[in-house]
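One structure is given below, encoded as structure tokens.
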């Protein structure tokens, strides 16, 4: 029993990171229909900027705040300089643009920071908490808490606030949104900034456990994207569930089957789900107009 | 009376002629044998992207996992001679057949998905293939890879009295195979099947209403492009005499799609141009040392932002505007 | 009058050309390393070391009166790229020797090129397959993963233990070392009672460690891998409260591992070259001079802590230069023969004695067993 519990804790820890990355994907997708492959780099920037700001003397909270703000700015710039100008381009073209952005950001991080692995201290220390024969780190709890807060915040944002509804309206039909007076440029900038900030937060929460380096973003983007698809692209609840599910599947496979194929298990499950439900677990079904 | 030479060349002939000229004339400018190697890589990539033109350009689908088929073709050439005693050339054919078969099996369910869902499903497929190749070390040599037998063509030619260097031979062989692949793809485009295929690009619903077997044609495009990728992977393994699971990984899939789209996914010549640029560019960028990745990412973004249809279509439009 | 002016001008020109000749002549050494990418903590110090040493040698007058030129490429650990750069070095840059191949995959992909072009190649990668079977033009400087297993098992037996839980990374290094450890365990008197793996990007390995913890009779844990994996394994071991001795591989022999693993690193043992404990070596240690010298030079030139991987590049370069001096020429064939005859060379990895059947030249004494105590390296007596 304690084994199962330990595997669950492991899955939730890793799943929380995936969920936060997936939530970031969701916001940008909701606003612009773009899947931002540079999302992983936002996570990386959150971690790396915090590391270097902290090493330069800033107290951890200040360094973290700086990282979030700086990364949000990068997200807004990405939108302004790259995505906005590529209006109306095909899915494939947009994917390539964001991949180019991801390579660019990685190259810049390599130069601006360094190529080493880094971490900073956990928020509440490293002494594990024992529950039912298994242990979980305080930092894992922070990550789960962070994912829950972000999700709740996004849910309220999209359903209760006017701005949030404006974002959804823009995603639905940009022209119509403009016609009713929504400043779609602002909405886009906000979405990218928010998504980047969430990514940075994910990086900050995760780094004490996962470590960070200039290329930490690639693997995370892949898993986060997969998780978002599993849950149904564009649905924050789907992103949360998808992320946690992918983490749990990995942990259970490693624990009960073979650790060699734990990554494969997650993808097999995703493929199986998509074959049965082509819009993911909670996605809306798309309508194709001729 | 207009002389026959005044008749404009059809797109198909123009493409083939351009390719032929490129392949035949380039060596005259090579400062060293190294360039034969770069040329070979360009042609091998060109073959893979020609297949992707059929899938992305003609049928309007997307795949972020096609390197998986390249990996299958590559390992077929590595394992065939060792475990089945087959000559490498036959292993190449076997790899292509297996890839086509796998594409046919996996394609039907996968192609029901659309857009980003299709992207992630194909991505998952590619990841699974590369994982199996990396994990089953007892068979594949694992992440450190395995050696690949010699194709034997050079020896064959030698016994016929023709002596040719290794690098040059591969250049001509890859170029020839690219020409053949391009010819096939271009013929497909202009055939009735090709037209049916291309109707999918704009609207599947509309195509269905005029009686096109949408699912069937999507599957054919997927299988065809898988075979192209497989042959391309086999050639890479044979020219390198070595193969690692990297060949099937996500990064390689992205590279292939980027090459296709960069030059212009709608045409073979566009995609091959993309392959040329993205294969040669890293060699040119080595001079930039640490800045290589920044410049590379920047180029990718700029080209796709300002020339979203790809390099060649945009150039074509520019020239047309100038001449009018 | 005009004729004589013409004559003297021609003579002057001829002299100028003649003088310009040898002074401009350079010995080109090639290198392709994983300076960026997943293996960059291998390739980056290696590249920095080579650059530093080339500058050093040139400042002292070069080799055999000629300056060295280093042609450095970055293959990112990608074997296909490495292969292309190998061809470029041989055909386009026309180098006389190559030091490179940070990873085993890249090395193995390049070997056919150098064997065909008959250019001596010193690899900086770990796997034993690089020099076993011996290839005429291929040498290597790092200890093999097989040796690391041997050293670790030796220490485990010394402590009176024999049942080992193995956890390895699925990357090339981890997989290769895992296989070597499984191969030599029996003859070393060690029994592998658990065999788990993790991916190079994994953030949590508690499921795998839980299985190892529950394996019947397990007495020690061995982690074969490099990169972020070992740090995470070490932290997770502490998190789960597993009190067994933990052994890491020589792949984590760097200060950053101690920083990343934090308190959990206390008591961890690993085989490494003397480089990490350079200042703590007794003065009578024959390696002391070499490792202290390299450590000081590297840290001064780059501002970063010394790394054993940079040390491999140091050994390769010094052996190459010594071979060129011994052969009195930079002709590839002569240099290759001289490298093969290296005897008694003292490098950061240990004493090197090469032969026609041994293109590595190190033995087990070259490896030291280190333990992490109070956040720093200590020699295990």
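The values are calculated or read from the model by the stated rules, or taken from the named source; none is laboratory data. Only a predicted model underlies this, so the values are computations on that prediction, with no experimental measurement involved. Reconstructed Cβ throughout: ideal geometry from the backbone, glycine too, with neighbour counts over all protein chains shown.
Of all the numbered requirements in (1) closer than 21 Å to residue A:257 by Cβ; (2) within 14 Å of chain A (Cβ to nearest Cβ); (3) part of a helix (DSSP H, G or I), residue C:167 misses one, and that requirement is (3).
Condition check for residue A:25 on (1) surrounded by 24 or more Cβ atoms within 10 Å (Cβ to Cβ); (2) away from chain B (no Cβ under 14 Å): one failure, at (2). The single condition among (1) part of a loop (DSSP other than H, G, I, E, B); (2) at pLDDT below 90; (3) at the interface with another protein chain (Cβ under 9 Å from one of its Cβ atoms) that residue A:234 does not satisfy is (3).
Which of (1) at pLDDT 95 or above; (2) touching a strand residue (DSSP E or B) at 6+ places or on another chain (Cβ under 8 Å) is the odd one out, the single condition residue B:69 does not satisfy? If we test residue B:69 against (1) at pLDDT 95 or above; (2) touching a strand residue (DSSP E or B) at 6+ places or on another chain (Cβ under 8 Å), just (2) comes out false.
Would you call residue B:103 assigned to a helix (DSSP H, G or I) and within 14 Å of chain C (Cβ to nearest Cβ)?
Working: assigned to a helix (DSSP H, G or I): yes; within 14 Å of chain C (Cβ to nearest Cβ): no.
No, not satisfied.
Let's see how each residue does on (1) assigned to a loop (DSSP other than H, G, I, E, B); (2) more than 14 Å from chain B (Cβ to nearest Cβ); (3) under 30 Å from residue A:32 (Cβ atoms):
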| position | (1), (2), (3) |
| --- | --- |
| A:88 | yes, no, yes |
| A:96 | no, no, yes |
| A:99 | no, no, yes |
| A:110 | no, no, yes |
| A:114 | yes, no, no |
| A:127 | yes, yes, no |
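Considering each residue of the stretch C:74-95 in turn, at least one proves to be in a strand (DSSP E or B), at the interface with chain B (Cβ under 10 Å from one of its Cβ atoms) and modelled with pLDDT under 95.
Criterion applied to A:11, A:47, A:40, A:15 was being touching a strand residue (DSSP E or B) at 6+ places or on another chain (Cβ under 8 Å), surrounded by 24 or more Cβ atoms within 10 Å (Cβ to Cβ) and within 14 Å of chain C (Cβ to nearest Cβ), and the one residue passing it is A:47.
Of C:217, C:241, which residue is within 13 Å of chain A (Cβ to nearest Cβ) and on the phi > 0 side of the Ramachandran plot? After applying the criteria, what remains is C:241. Residues in the stretch B:271-287 that are in contact with a helix residue (DSSP H, G or I) (Cβ under 6 Å, 6 or more places away or on another chain) and either within 13 Å of chain A (Cβ to nearest Cβ) or on the phi > 0 side of the Ramachandran plot (or both): B:271, B:274, B:278, B:285.
Can you find a residue that is within 14 Å of another protein chain (Cβ to nearest Cβ) and either in a helix (DSSP H, G or I) or buried (at least 19 other Cβ atoms within 10 Å of the Cβ) (or both) anywhere in the stretch A:183-190? Within the stretch A:183-190, none of the residues are within 14 Å of another protein chain (Cβ to nearest Cβ) and either in a helix (DSSP H, G or I) or buried (at least 19 other Cβ atoms within 10 Å of the Cβ) (or both).
The residues of the stretch C:96-124 that are within 23 Å of residue C:337 (Cβ to Cβ), surrounded by 24 or more Cβ atoms within 10 Å (Cβ to Cβ), out of contact with any strand residue (DSSP E or B) (no Cβ under 6 Å at 6 or more places or on another chain) and within 12 Å of chain B (Cβ to nearest Cβ), listed by number, are C:110, C:113. Note on the stretch C:21-57: residues that are over 23 Å from the mean Cα position of the chain (by Cα) and part of a helix (DSSP H, G or I) total 4. Condition first: buried (at least 24 other Cβ atoms within 10 Å of the Cβ) and farther than 21 Å from residue A:211 by Cα. Now tell me which residues in the stretch C:248-275 satisfy that. C:270, C:271, C:272, C:273, C:274, C:275, listed by residue number.
From the list A:278, A:236, which residue is surrounded by 23 or more Cβ atoms within 10 Å (Cβ to Cβ) and closer than 27 Å to residue A:167 by Cβ?
Going through A:278, A:236 in turn, the sole match is A:236.
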